[in-house]
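One structure is given here, and the rest of the page talks about it.
The values are calculated or read from the model by the stated rules, or taken from the named source; none is laboratory data. All of these numbers come straight from a predicted model, not from anything done at the bench. Here the Cβ positions follow ideal geometry from the backbone for every residue, glycine too, while neighbour counts run over all protein chains shown.
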Amino acid sequence: MIDDSRTSTDIDLWQEFVDDPDFLELPSGGQEKLIEFLNRSMEMKLGVVYGNEEPNQKEACIDCKSYQGKCKSKCCTLIFALTQEEAEAGKVQYNKEKPYFIARDEEDGYCPHLDRESYQCNVWNDRPIRCRSYSCEKDDYIWPNGFGIDPTTP
Ligand code: SF4
Ligand code: SF4
């Protein structure tokens, strides 16, 4: 089980809005109220959250196969919301309690589309824009010891 707020099955909406300029302009009390409202709306099945992604985003060009022995595809534990198009296409599972955040397995925190032995994505051609465009190179959550260095090395 991966224990981290970025991967929690308790969706952290703050992470979703952390780069949103409109959200950041809200006064701090307003930010908290909006987050609370959205959480309540999802819980009561009154509202959903869609990801806001540019459809033509550049794909990250990391040779994942060379690193998956070390990273164990930890990126596939990160939480994000599917775009409306992705949710409607129905190719990628979402969190039924918090639509349309991507589904995560409660047991190990991974995406249900990840093969646990090979660490390969089994919906590769239909993977979400966020998966296509994310680069782990500068992410110290994935690589606490630096990109490509075994995270289990002290
Ligand atoms: S993006 Fe990074 S963490 Fe994800 S599989 Fe590729 S190398 Fe591993
Ligand atoms: S859809 Fe594929 S690439 Fe995206 S998180 Fe799931 S397993 Fe990983």
(message) List pairs: first residue in the range 78-101 and free of Cβ contacts under 8 Å to residues at least 40 places away in the same chain, second residue acidic (Asp, Glu) and part of a helix (DSSP H, G or I) anywhere in the structure, Cβ distance under 9 angstrom, at least six positions apart or on different chains.
(response) Ala89/Asp126; Lys91/Asp126; Val92/Glu86; Val92/Asp126; Tyr94/Glu86
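Restricting to the range 121-137, name every residue that is part of a loop (DSSP other than H, G, I, E, B), near ligand 2 (Cβ under 8 Å from one of its atoms) and either modelled with pLDDT under 95 or touching a Leu at 6+ places or on another chain (Cβ under 9 Å) (or both). Quick ask: steps written out before the conclusion?
The initial filter retains those residues of the range 121-137 that are part of a loop (DSSP other than H, G, I, E, B), namely 122-123, 127-128, 134-137.
With near ligand 2 (Cβ under 8 Å from one of its atoms) added as a condition, the list becomes 122-123, 127-128.
Hits for the range 121-137 are Asn122, Pro128.
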(request) Kindly provide the set of residues from the range 103-128 that are within 14 Å of ligand 1 (Cβ to nearest atom) and within 24 Å of Asn39 (Cα to Cα), ordered by number. (result) Gly109, Tyr110, Cys111, Pro128
(request) Residues being near ligand 2 (Cβ under 10 Å from one of its atoms) and assigned to a loop (DSSP other than H, G, I, E, B): count how many of those fall in the range 63-118. (result) 15
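How many of the residues in the range 20-36 are in a helix (DSSP H, G or I) and surrounded by 11 or more Cβ atoms within 10 Å (Cβ to Cβ)?
Taking the range 20-36 and keeping what is in a helix (DSSP H, G or I), we get 21-25, 28-36.
Now narrow it down to the ones that are surrounded by 11 or more Cβ atoms within 10 Å (Cβ to Cβ): 23, 30-36.
Total meeting the criteria: 8.
To keep it simple, each residue is scored yes or no on (1) within 25 Å of Asp20 (Cα to Cα); (2) loosely packed, with under 11 Cβ neighbours inside 10 Å.
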| position | (1), (2) |
| --- | --- |
| Glu54 | yes, yes |
| Lys58 | yes, yes |
| Cys64 | no, no |
| Gly69 | no, yes |
| Ser73 | no, no |
| Ile79 | yes, no |
(request) Kindly indicate whether Gly69 is within 16 Å of ligand 1 (Cβ to nearest atom) and of a type outside the set (Phe, Trp, Tyr). (result) yes
(message) Go through (1) near ligand 1 (Cβ under 10 Å from one of its atoms); (2) farther than 25 Å from Tyr50 by Cβ; (3) hydrophobic (A, V, I, L, M, F, W, C) for Cys131 and report which single condition fails.
(response) (2)
(message) Consider the range 54-76. How many of its residues are out of contact with any strand residue (DSSP E or B) (no Cβ under 9 Å at 6 or more places or on another chain) and within 21 Å of Tyr100 (Cβ to Cβ)?
(response) 5
(message) Condition first: free of Cβ contacts under 8 Å to residues at least 40 places away in the same chain, among the basic types (Lys, Arg) and closer than 18 Å to Leu114 by Cα. Now tell me which residues in the range 42-77 satisfy that.
(response) Lys65
(message) Here is a check on your reading of the model: is Glu43 closer than 20 Å to Trp14 by Cα and either more than 16 Å from ligand 1 (Cβ to nearest atom) or basic (Lys, Arg) (or both)?
(response) yes
(message) Among the listed residues Asp22, Asp108, Asp115, identify the single one that is under 27 Å from Gly148 (Cβ atoms) and free of Cβ contacts under 8 Å to residues at least 40 places away in the same chain.
(response) Asp115
(message) Among the residues in the range 32-49, are any within 14 Å of ligand 2 (Cβ to nearest atom) and either basic (Lys, Arg) or farther than 30 Å from Thr152 by Cα (or both)?
(response) no
